[in-house]
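Reading through the structure tokens given below for one structure.
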Amino acid sequence: MPNLTDLKTVRALCERHGFSLSKGFGQNFIVNPGICPKMVEAAGIDRSFGVLEIGPGIGVLTKEAALRAVKVVAVEIDRRLLPLLAETLGEFDNIKVINEDVLRLDLAALIQQEFAGLRVAVVANLPYYITSPILMKLLEERLPVESITVMVQKEAAERICAEPGTRSAGAISFAVQYYARSKILFTVSPGSFTPPPKVTSAVIQLVPQREPPVHPVSEERMFAVIRAAFGQRRKTAVNAISAGLGLPKQRLQQAVAALGLDERIRPEQLTLAQMASLSDLL
Ligand code: SAM
């Protein structure tokens, strides 16, 4: 079994296949041997699990998951990686690689087809350029997934896991809090990857919840309000939401006052419950 955390082995593999890393697909492969076992361990993966991996690269995390799970399905957009994966994962009979853009896949159907009767976990070292769309897809589609354990940029991790009402909160913090419990597990230095990214990374874990913590009249409207609130940086919530949704400022002022809030409140200072109430009032 090739050692995929050994830089020389990785270089030789890439050279043999004439493969050069693509920045466009966010390819930074893990070469720190401690990381993948730690991620799989944190996800609690054992013989009762099927694992969905997004972006296997050359298969370093895929292998680790396949050593513990019943089955791993890995979705990889870059066709050029298929022959490398065939070589690195050749001796496993419980791994299926699907050459697709994960954002275009019907994941509910895939999970039903591939993981019938199994508990399901998602693990990934995510392509950073589409962190939010991937996480939102996984959460919004309310997939039957027990946990999502993924590597992201540290700054994104802080925003994703931020409690609404605190400084680092952004639109995604509200969405994540609505659908899941979230936490940062550990940080990872740039030197743990090839090529090293410019910033520090972090592994986060989201545990989707069946019951949302708030019950707005319309989920869709609440998310429209959240998007509008964060659509224009450094504006007050009143100004951003009225501009974003094309509503008279006075209506927003009245709604904010009805909730007993200061008219100059900033979007990140609102809690999820206040965002839900605000959307009900509008
Ligand atoms: N899992 C490997 C590792 O940790 O070494 C590779 C991680 S690398 C950060 C991200 C991987 O996601 C790359 O293999 C990239 O080609 C793949 N990828 C990028 N966009 C994708 C998409 N839309 N759908 C599926 N895979 C994608």
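Observations, loosely collected:
- The residue of region 93-122 that is surrounded by the fewest Cβ atoms within 10 Å (Cβ to Cβ), among those that are away from the ligand (no atom under 11 Å from the Cβ) and of a type in the set (Lys, Arg), is Lys96.
- Output for region 65-83, where each listed residue is more than 7 Å from the ligand (Cβ to nearest atom) and open to solvent by less than 40 Å² (accessible area, probe 1.4 Å): Ala65, Ala66, Ala69, Val72, Val73, Ala74
- Hits in region 123-160 - residues which are under 26 Å from Thr236 (Cα atoms) and surrounded by 23 or more Cβ atoms within 10 Å (Cβ to Cβ): Ala157, Ile160
- Test: residue in region 115-127 that is of a type in the set (S, T, N, Q) and more than 19 Å from Ala42 (Cα to Cα): no
- Test result for Asp6, modelled with pLDDT of 95 or more, closer than 30 Å to Ala116 by Cβ and either outside the structural domain of Ala65 (by TED's automatic domain parsing) or open to solvent by 20 Å² or more (accessible area, probe 1.4 Å) (or both): no
- Of the residues Val120, Val40, the single one that is assigned to a strand (DSSP E or B) and in the same structural domain as Ile148 (by TED's automatic domain parsing) is Val120.
- Where strands (runs of 3 or more DSSP E) fall wholly inside region 136-218, the ranges with 2 or more residues that are of a type in the set (Ser, Thr, Tyr) are 147-153, 180-188.
The values are calculated or read from the model by the stated rules, or taken from the named source; none is laboratory data. What you see is a predicted model, and the numbers here were worked out from it, not measured in a lab. Counting neighbours? That spans all protein chains shown, and the Cβs are built from the backbone with ideal geometry, glycine included. For the accessible areas, the whole protein counts, side chains as well, though only heavy atoms, and no ligand, DNA or RNA atoms are used. Shrake-Rupley method; radii C 1.70, N 1.55, O 1.52, S 1.80 Å.
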